[in-house]
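Below: the structure, in structure tokens.
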Amino acid sequence: MKGIIVAAGYGTRFLPVTKTIPKEMLPLLNKPAIAFIVEEFIASGITEIIIISSRRKKSLEDYFDQEAELQAIFTREGKPDKLALVAPPPAHFAFVRQTEMRGTGHALLQAAPLLGNEPCVVAFPDDIHFGSVPLARQLIAVYEATGCCVLSSVHEPGDVSRYGVIDPAPDGLHMKGFVEKPKAGSEPSHEISIGRYLYTPEFFQYLAEGWQRHQGGEYYHLYALEKMMRQNKVAWKRLDGLRLDTGEPDGYLDAILEYAWMQAGSRKVIESFIARKK
């Protein structure tokens, strides 16, 4: 099982900082968002990771590479705690570039030749997960039980008209449809799709087929997904745990606060700030 992280976008919601810094490198305290996804993959047994990037994002490659100078300094100074902080993760990374922003379906096709006919978990770094069982591992468990592609979801009891919404099959496991931004009151469920998917090799065959028929503009994954759903080969899994959405500035701030609240030292800073504002 391989992992793919889609990190090619411009991150325009975070301008001006994303003019030079990839959105995926924006930190929650001292750790960039993309590092949480890599940790999730590794904890799920995925150690071959493909990162889809684009021009101006070489810092992604540098972050997961050896940092020889700092490693030498910390080794010489006998500081194993700091040495551990700069050590690259125990995984093999491959980087491919999407040279034109032509949609996520097109981006995934750039990584397809590296998959070796294996299933893969695809992650969008906007969604960070915390829980006792890593989200990728949750999707893998459903795949192992069904052999299907798997979409992750969260239950949204309110308005879902801004989201992609899962239309569940009667068995509560498979999907019979997927509705993008349904009109209020017409939604098939309140299960909204989030940025974690498990795709089988067959999915990528349909993805390539759809690209050949594509008439222009951005290309997404819906053609392949619909082909698989018609064959009852797509399942869904509501995540167990906490999902943090860093896709826009307000959500990113909320994610920082949630993560900081988990850290004893940082929680004191938040409590002190709140006390000053009363």
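The values are calculated or read from the model by the stated rules, or taken from the named source; none is laboratory data. Values in this document were obtained by computation on a predicted structure and should not be read as measured data. As a convention, Cβ positions derive from the backbone with ideal geometry for all residues, glycine included, and neighbour counts pool all protein chains shown.
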Looking only at the range 105-137, filter to residues that are of a type in the set (Val, Ile, Thr) and crowded, with 22+ Cβ neighbours inside 10 Å; which one of those is nearest to residue 244 (Cα to Cα)?
128
If you take the residues in the range 8-52 that are basic (Lys, Arg) and either within 21 Å of residue 104 (Cα to Cα) or touching a Lys or Arg at 6+ places or on another chain (Cβ under 9 Å) (or both), which one is surrounded by the most Cβ atoms within 10 Å (Cβ to Cβ)?
23
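Could you grab me the full set of residues in the range 139-154 that are buried (at least 22 other Cβ atoms within 10 Å of the Cβ) and either touching a Phe, Trp or Tyr at 6+ places or on another chain (Cβ under 6 Å) or outside any loop (DSSP other than H, G, I, E, B) (or both)? It would help to see each step written out before you state the result.
Filtering the range 139-154 for residues buried (at least 22 other Cβ atoms within 10 Å of the Cβ) gives 139, 148-153.
Across the range 139-154, the qualifying residues are 139, 149, 150, 151, 152, 153.
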Can you tell me which residue within the range 63-100, out of those that are at pLDDT 95 or above, of a type in the set (A, V, I, L, M, F, W, C) and assigned to a loop (DSSP other than H, G, I, E, B), is nearest to residue 49 (Cα to Cα)?
91
Positions within the range 121-161 being hydroxyl-bearing (Ser, Thr, Tyr) and more than 19 Å from the chain's Cα centre (by Cα), in sequence order:
146, 161
Using beta carbons and a limit of 8 Å, which pairs, at least six apart or on different chains, have the first residue in the range 210-225 and hydrophobic (A, V, I, L, M, F, W, C) and the second one part of a loop (DSSP other than H, G, I, E, B) and at pLDDT 90 or above?
211/219
Residue ID - modelled with the highest pLDDT, chosen from residues in the range 106-146 that are within 16 Å of residue 46 (Cβ to Cβ) and aromatic (Phe, Trp, Tyr)
143
For the range 92-131, which residues satisfy the criterion of being of a type in the set (Ser, Thr, Tyr) and touching a Ser or Thr at 6+ places or on another chain (Cβ under 8 Å)?
99
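Working carefully through the options 170, 157, 188, find the one that is assigned to a loop (DSSP other than H, G, I, E, B) and without any contact (Cβ under 8 Å) to a residue 12 or more places away in the chain.
From the options 170, 157, 188, the qualifying one is 170.
Touching a residue at least 12 places away in the same chain (Cβ under 8 Å), out of contact with any Phe, Trp or Tyr (no Cβ under 9 Å at 6 or more places or on another chain) and in a loop (DSSP other than H, G, I, E, B), is that true of residue 247?
no
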